[in-house]
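Down below is the structure, laid out as structure tokens.
The values are calculated or read from the model by the stated rules, or taken from the named source; none is laboratory data. Just so we're clear, the structure is a prediction, and the values are computed from it rather than from any experiment. As a convention, Cβ positions derive from the backbone with ideal geometry for all residues, glycine included, and neighbour counts pool all protein chains shown. We work out accessible area using only protein heavy atoms, side chains counted, and drop any ligands, DNA or RNA first. Shrake-Rupley method; radii C 1.70, N 1.55, O 1.52, S 1.80 Å.
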Amino acid sequence: MSTSKAIAAHRAPQKGGRRKLTLPVVLLIIAGGLALVSLVRLISGAEDITSVGQVAGALELAVPIGLAGLGGLWAERAGVVNIGLEGMMILGTWFGAWAGFQWGPWMGVLFGILGGCLGGLLHAVITVTFGVNHIVSGVAVNILAVGVTRYLSNFAFDGVQGGSSKQSPRLEPIDKITIPGLSEWMQDLQQHHWFLISDIAGIIGGLVTGLSLLTLLALLLIPATWWILWRTSFGLRLRSCGESPVAAETLGVNVYKYKYIAVTISGGLAGLGGAFLAIVATGIYQEGQTGGRGYIGLAAMIFGNWMPGGMALGAGLFGFTDSLKLRGGAENVHAMLLLLAILLVIAVFWQLYKKKYVAAVISAAVSALLFTWYLLTDQVPSQFVDAAPYVTTLLVLSLSAQRLRMPKANGIPYRKGEGK
């Protein structure tokens, strides 16, 4: 079968599959969700949940998670489970900070990518060439990254003014862009606190105010990934390695090569996320600053069903919940209790429509508990505020687990020559 025929067959609609959401339906869902958030804002009085600062903060927190998730998507679409994303992010933070301190922020970005690529290449050698269990290899990469960066910091940063064995000196920032006129107008509209209009203004304002050039680059990588993996023969071959490497080999695909490319790119994207943390988000390298974002990125990828758009949505959700605690944390998270309760009420009606009566009863009970919690309290404990992003991760994965479909050969050992 030729490459063009294979692509055509791949793009042909499949009978019996789930109907894909059309663009009008997706836009309607987004509009409904935004209206619901606006209603919760008005009822709760938590005006910050859709403010310009909240949206800008959520975007900044979502970018490293999204880059890690995008890295996981590349690796797992080629059939390699990449638990080592956290370690590759750690390498990205250190190499990005080291090069950024020496030669400026954009060199830091480049070296952050290269640092992540080294971690990805190591993971590829261990899993693809030597056939070691992917989970074991990923954990080993994570542990090794922590040890290597701590060792290197003793030589690179310790004794340097502003640095130590656990942190780098302050780094030069990357330029940020603000669209004059539009930014001020959106901030003015948002401060009126009108239903829906102010929420839309807050979202737009957050996207056009103080936007780092690296953030813009990261956002462009999402459609670029979709185009490469789903609209090119290269992407088709790479994904075939994650679906059926034996069949791909019989068609002349060098499975090892594509797995190596995918996992190395995966590491580079995670390294870019680490460099973003060090150079843009904090302006300094600190030991442990990834804070498990590699794992959350992996969760975002799973939530997105191994698709770039869904992954971006998941990263945005986790970034949003993480940013809630930075601006009126207890009040904002308290408002989210009301939002969750209303969403569960909607879920109850949907489950009743689908005749899933047990699930409907459980959803109704949880919704009642959330309504009670919201009505009897003015704010939530600080410990719950800190745990909100991780609780969200667990809830989202548990609710979406039944609709997931990972690549068929993901994590399955493959040896060269099996298809001959």
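Of all residues in the range 164-189, those that are open to solvent by less than 70 Å² (accessible area, probe 1.4 Å) and either assigned to a strand (DSSP E or B) or of a type in the set (Phe, Trp, Tyr) (or both) total 2.
A single entry from Val141, Val125, Val136, Val160 fulfils the requirement of being farther than 29 Å from Leu211 by Cα, touching a His at 6+ places or on another chain (Cβ under 7 Å) and either open to solvent by 10 Å² or more (accessible area, probe 1.4 Å) or of a type in the set (A, V, I, L, M, F, W, C) (or both): Val141. Looking only at the range 278-298, residues that are open to solvent by less than 10 Å² (accessible area, probe 1.4 Å) and either among the aliphatic types (A, V, I, L, M) or without any contact (Cβ under 8 Å) to a residue 12 or more places away in the chain (or both) come to 2 in all. In the range 151-159, is there at least one residue being farther than 23 Å from Asp48 by Cα, modelled with pLDDT of 90 or more, among the aliphatic types (A, V, I, L, M) and outside any loop (DSSP other than H, G, I, E, B)? The answer is yes, given that some residue of the range 151-159 is farther than 23 Å from Asp48 by Cα, modelled with pLDDT of 90 or more, among the aliphatic types (A, V, I, L, M) and outside any loop (DSSP other than H, G, I, E, B). Tell me, please, whether a residue that is touching a residue at least 24 places away in the same chain (Cβ under 8 Å), in contact with a Cys (Cβ under 8 Å, 6 or more places away or on another chain), under 24 Å from Leu110 (Cβ atoms) and open to solvent by less than 50 Å² (accessible area, probe 1.4 Å) can be found in the range 244-264. Yes: the range 244-264 contains one or more residues that are touching a residue at least 24 places away in the same chain (Cβ under 8 Å), in contact with a Cys (Cβ under 8 Å, 6 or more places away or on another chain), under 24 Å from Leu110 (Cβ atoms) and open to solvent by less than 50 Å² (accessible area, probe 1.4 Å). When Val63, Val80 are screened for being among the β-branched types (Val, Ile, Thr) and farther than 20 Å from Gly288 by Cβ, only Val80 passes.
This table checks each residue for (1) open to solvent by less than 50 Å² (accessible area, probe 1.4 Å); (2) at pLDDT below 80.
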| position | (1), (2) |
| --- | --- |
| Arg327 | no, yes |
| Ile346 | no, no |
| Lys356 | no, no |
| Val366 | no, no |
| Gln383 | no, yes |
| Thr393 | yes, yes |
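How many of the residues making up the range 89-132 are under 29 Å from Gly417 (Cβ atoms), outside any helix (DSSP H, G or I) and in contact (Cβ under 8 Å) with a residue 12 or more places away in the chain? Full working, then the answer.
Applying the first criterion (under 29 Å from Gly417 (Cβ atoms)) to the range 89-132 yields 117-132.
Okay, now just the ones that are also outside any helix (DSSP H, G or I), so 130-132.
Applying the additional criterion that residues be in contact (Cβ under 8 Å) with a residue 12 or more places away in the chain yields 131.
Looking only at that region, the number is 1.
In this entry, Gly69 is excluded by the filter for residues that are in contact (Cβ under 8 Å) with a residue 12 or more places away in the chain, surrounded by fewer than 24 Cβ atoms within 10 Å (Cβ to Cβ) and either out of contact with any Phe, Trp or Tyr (no Cβ under 8 Å at 6 or more places or on another chain) or of a type in the set (Phe, Trp, Tyr) (or both).
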